Amino acid sequence: MSMALHAEHCRLLMRQLGIERAHIVGHSSSAVVALQLALDSPEAVHTLVSMEAARPVPSTEIQAEFLRSVAEPAVQLYRAGDTVGAVDVWCRGVFGPDYRAPLDQTLPGAFDQIVAEADAFFQQELPALRQWELTQEDARRITQPVLLVLGERSVPSFAERRDLLLAWLPNAETFDVPGVTHLLHLERPRETAEGLGSFFARHPLT
């Protein structure tokens with residue numbers, strides 16, 4: 001399933017709910033869906049919040065190291081039948097080595113659910129992310145206000161990806177959540193919500 005199809009599903013759901021225009025928030029891979037929605041259905045996106053988008057990915061050594069040490073080993077373990085190992089490698093590389101404590105505290109049973117649904121991630125979501133591309137020309141078409149959110153303790157690959165979006169998007173600003181990783185909305189939900197709320201207040205829906 002492509003990111004464009006995910007974005008179309010989002011738009012169809014909005015129409016079904018009677019929502020013609022909204023503040024759109026996406027985290028990680030869903031931030032990619034939000035960006036695609038802004039490209040395909042700009043009339044539906046009033047503002048966009050990108051919380052550590054999984055893509056676009058700049059051509060840097062940090063990104064290459066992420067592929068070598070996280071993405072490729074996780075995929076290899078999954079293909080070898082070690083789903084638990086694959087999920088753990090991926091989560092450590094994306095959320096940080098101490099990810100289990102905040103995950104188990106805020107979403108009990110979440111790790112087991114991730115393992116149970118790993119087929120969807122490794123067979124559908126990850127290939128769709130790898131195929132998705134955003135050029136600088138594409139990004140220039142997203143003229144809505146965009147908030148680029150980053151966790152202060154997130155792995156360096158996310159900071160580089162945000163920097164790329166910040167350089168490309170014509171109407172973007174940043175918000176850093178202190179002391180958190182890629183699980184920022186679980187680790188500091190109040191601070192994250194306040195940052196988003198302030199952004200929405202400055203760009204109210206009429």
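Nothing in this text is a laboratory measurement; each read-out follows from the coordinates by a stated rule. Computed from a predicted structure; not experimentally measured. All Cβ positions, glycine included, derive from the backbone under ideal geometry; neighbour counts span all protein chains shown.
Per-structure values
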| item | result |
| --- | --- |
| Residues satisfying the stated conditions in segment 173-206, i.e. more than 16 Å from the chain's Cα centre (by Cα) and not in a helix (DSSP H, G or I) | E173, P178, G179, R188, H203, P204, L205, T206 |
| Some residue of segment 65-72 being part of a strand (DSSP E or B) and under 19 Å from the mean Cα position of the chain (by Cα) | no |
| Test: residue in segment 143-163 that is without any contact (Cβ under 8 Å) to a residue 24 or more places away in the chain and part of a helix (DSSP H, G or I) | yes |
| When residues of segment 73-114 are limited to those that are part of a loop (DSSP other than H, G, I, E, B) and within 21 Å of the chain's Cα centre (by Cα), the one surrounded by the most Cβ atoms within 10 Å (Cβ to Cβ) | Y99 |
| In segment 131-165, residue farthest from A64 (Cα to Cα) [restricted to those that are surrounded by fewer than 16 Cβ atoms within 10 Å (Cβ to Cβ) and among the hydroxyl-bearing types (S, T, Y)] | T143 |
